[in-house]
1. Looking at region 93-124, which of the residues that are in contact (Cβ under 8 Å) with a residue 12 or more places away in the chain and of a type in the set (S, T, N, Q) is surrounded by the fewest Cβ atoms within 10 Å (Cβ to Cβ)?
2. Output the residues belonging to region 83-129 that are in a loop (DSSP other than H, G, I, E, B) and over 26 Å from residue 230 (Cα atoms).
3. Is there any pair with a first residue in region 47-69 that is surrounded by fewer than 19 Cβ atoms within 10 Å (Cβ to Cβ) and a second that is modelled with pLDDT under 95 and charged (D, E, K, R) whose Cβ atoms are under 7 Å apart and which are 6 or more apart or on different chains, and what are they?
4. Quick check: anything in region 138-159 in a loop (DSSP other than H, G, I, E, B), small (Gly, Ala, Ser) and surrounded by fewer than 22 Cβ atoms within 10 Å (Cβ to Cβ)?
5. Could you check how many residues of region 211-237 are surrounded by 14 or more Cβ atoms within 10 Å (Cβ to Cβ) and either of a type in the set (Ser, Thr, Tyr) or within 20 Å of residue 116 (Cβ to Cβ) (or both)?
6. Given (1) buried (at least 24 other Cβ atoms within 10 Å of the Cβ); (2) closer than 17 Å to residue 234 by Cα, identify the lone condition not met by residue 90.
7. Scanning region 160-173 for residues that are charged (D, E, K, R) and not in a loop (DSSP other than H, G, I, E, B), which turns out nearest to residue 91 (Cα to Cα)?
8. Are there any pairs, at least 6 apart or on different chains, whose C-beta atoms fall under 7 Å, with the first in region 138-157 and under 21 Å from residue 114 (Cα atoms) and the second among the aromatic types (Phe, Trp, Tyr) and not in a helix (DSSP H, G or I), and if so, which?
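The values are calculated or read from the model by the stated rules, or taken from the named source; none is laboratory data. Here the structure is a predicted model, which means the values were calculated and not measured. In this analysis, Cβ positions are derived from the backbone assuming ideal geometry, glycine residues included, and neighbour counts consider all displayed protein chains.
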Amino acid sequence: MRTFSNSCLMFASLAVALGAGPAFATTETPLAQNAIAVAVGHGNCTEAVTQVKRDVEANEPQSVFIAGRMLDEGLCVEKNGKAAAKFFAHAADLGVSAAQLDYVAKVGLGEGATQDYADAGKRCRAAGLDAQNHLSDYSLGYVCTLRGLASRMLRESLPADTFQTISGARARLEFNPASGQLFVRASSRVTASEPTVSSRIGQPLVNIQQVVDKAWHKAQDTVSKPDTAHLEDQLFEVVLDLDMTMEQSSNARQKKASDDIRPLESWDSIHTAMPTKGT
């Protein structure tokens, strides 16, 4: 793996790179401006769950997505990845691009959906990734599954103060599906420690290259082993979603305002069966 020359790369240059693909160039309201996400981030679980239930019943797109994230990571509610998949699927139908990509990972994992890398790839391409068709559907689905899982692992495990700006944090990688080569190219600006007497420059609190590499390879060990005959031997750019607006408070995991986000009667017409406690 190449040496990561600067763990504190400017977020501005990363934003330019992210703008190259429609999957990550979105006009959706940032999580930092969403009242539910802010409540979760502050550990105000009762407020968050009450509002997310109300908004989801009203079919508010971003709230449906946030409900999925809460279930997927066990934020203020009981962790339930299969239930999260259904919320992501519905939010994707409502046009939330982040939900489309989170649901792709569920299809690739076979969690709350039938495991199928080719189907995951088609959905990932529909979300705007690899519009130039550099990868096959199968290979793209594998990469997008790793992207989604590694992103979630990092949001769950990184310290809240890892990045100078919690909202919208990203890391840009290049990955070769066939060889497994991974290069960390850039990330949002990492918080530095206070300078010491011997140095005027503080050291990054987290070595982004190491933690991203570890999460990515853990994701590779977790997902279904792909058929290598369907994987292209070329580097492909991947952007990880490390927005930790909701994950910044450990209280969100420690406190449970509800055992689950309950089935919603207003969804009966679209036959979206939501699991209840004990299922």
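1. 115
2. 94, 95, 96
3. none
4. Looking for residues that are in a loop (DSSP other than H, G, I, E, B), small (Gly, Ala, Ser) and surrounded by fewer than 22 Cβ atoms within 10 Å (Cβ to Cβ), one finds none in region 138-159, hence no.
5. Result for region 211-237: 8.
6. So residue 90 meets the others, but not (2).
7. Residues of region 160-173 that are charged (D, E, K, R), as a first pass: 161, 170, 172.
Right, trim to not in a loop (DSSP other than H, G, I, E, B) and you get 170, 172.
Working: 170: 21, 172: 25 Å.
That would be 170.
8. Correct list of pairs: 143/175; 143/236.
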